[in-house]
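*Asks:* Below is a structure I'd like to ask you about.
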Amino acid sequence: MSLASRIAALAGRIGLEVRTKIDATHPGLARAWVCFGYVGNQIVVRAAHNVAGVTRTAAGRYRVSFATPMPDTDYCWTALARSSTNSGTQRIAVVRATADQKTAQHVDLSCATTATAFDDSLEVNLVVYR
């Protein structure tokens with residue numbers, strides 16, 4: 001048996017082993033994600049998984065609704081916002097207050113400047129893990 005065929009056989013066995021350990025229910029996989037922005041006075045969803053829609057509730061404030069709800073509210077989410085200008089004005093994605101909701105059906109997030117003023121972004125990326 002040549003080295004190449006041994007490596008191929010080993011890779012095949014590793015693939016079979018990993019396939020039984022990691023599937024769609026693995027907690028390390030994102031349950032939902034979306035790349036969207038506020039462009040031309042409207043929400044533009046560029047790509048998404050398990051997201052039914054994104055609603056702008058106010059300047060810099062968004063509600064992301066899940067296509068399939070999370071099992072509960074014990075999920076983790078992280079988001080990043082891109083600066084809307086070339087002047088170095090930063091945008092950050094945060095939850096603002098307890099009035100912002102995190103339910104099994106949706107999560108609210110806010111986009112703000114470093115001066116803590118709500119402001120829209122041309123690109124916001126959200127990932128949800130559960």
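Computed from the coordinates by the stated procedures, all read-outs in this text should not be read as laboratory data. Keep in mind that this is a model prediction, so the values were computed, not measured. Cβ placement follows ideal geometry from the backbone for every residue including glycine, while neighbour counts extend to all protein chains displayed.
*Asks:* Describe numerically, in nm with one decimal, the distance between label points set 7 Å from Cα along Cα→Cβ at Ala59 and at Leu80.
*Replies:* It works out to 2.6 nm between the two label points.
*Asks:* [x] 15.3; [y] 17.0; [z] 16.7: which one is Kirkwood radius over Cα pairs in Å as calculated from this entry?
*Replies:* [z]
*Asks:* Could you work out [θ]222 nm for the chain from helices alone, using -39500 (n - 2.57) per DSSP H run of at least four and dividing by all its residues? Round to the nearest 500 deg cm²/dmol.
*Replies:* Per the formula, -5000 deg cm²/dmol.
*Asks:* Can you compute 3J(HN,Hα) from phi for each residue in region 11-20, using the Karplus curve 6.51 cos²θ - 1.76 cosθ + 1.60 with θ = phi - 60°, rounded to whole Hz and x for Gly and Pro?
*Replies:* 3J(HN,Hα) across region 11-20, in whole Hz: 4, x, 5, 4, x, 5, 5, 5, 4, 7.
*Asks:* Could you calculate the contour length gain from Ala104 to Asp72, that is, 0.36 nm times the residue separation minus the distance between their Cα atoms, to one decimal place in nm?
*Replies:* In short, 11.0 nm is gained.
*Asks:* Based on the Cβ-Cβ distance of Ile43 and Ile22, what FRET efficiency does E = 1/(1 + (r/R0)^6) give at R0 = 35 Å, to the nearest 0.05? Present the calculation step by step, with values, prior to reporting the outcome.
*Replies:* Numbers: r = 33 Å, r/R0 = 0.94.
Between Ile43 and Ile22 the formula returns 0.60.
*Asks:* Right, another one. Can you tell me the dipole magnitude for the chain around its Cα centre, using point charges on the Cβ only (Lys, Arg +1; Asp, Glu -1), in Debye to the nearest 20? Intermediate values should be presented prior to the final figure.
*Replies:* Numbers: 14 positive and 9 negative charges, 63 e Å.
Its charge dipole is roughly 300 debye.
*Asks:* Based on the Cβ-Cβ distance from Ala117 to Leu29, what FRET efficiency comes out when R0 is 30 Å, to the nearest 0.05?
*Replies:* 0.30
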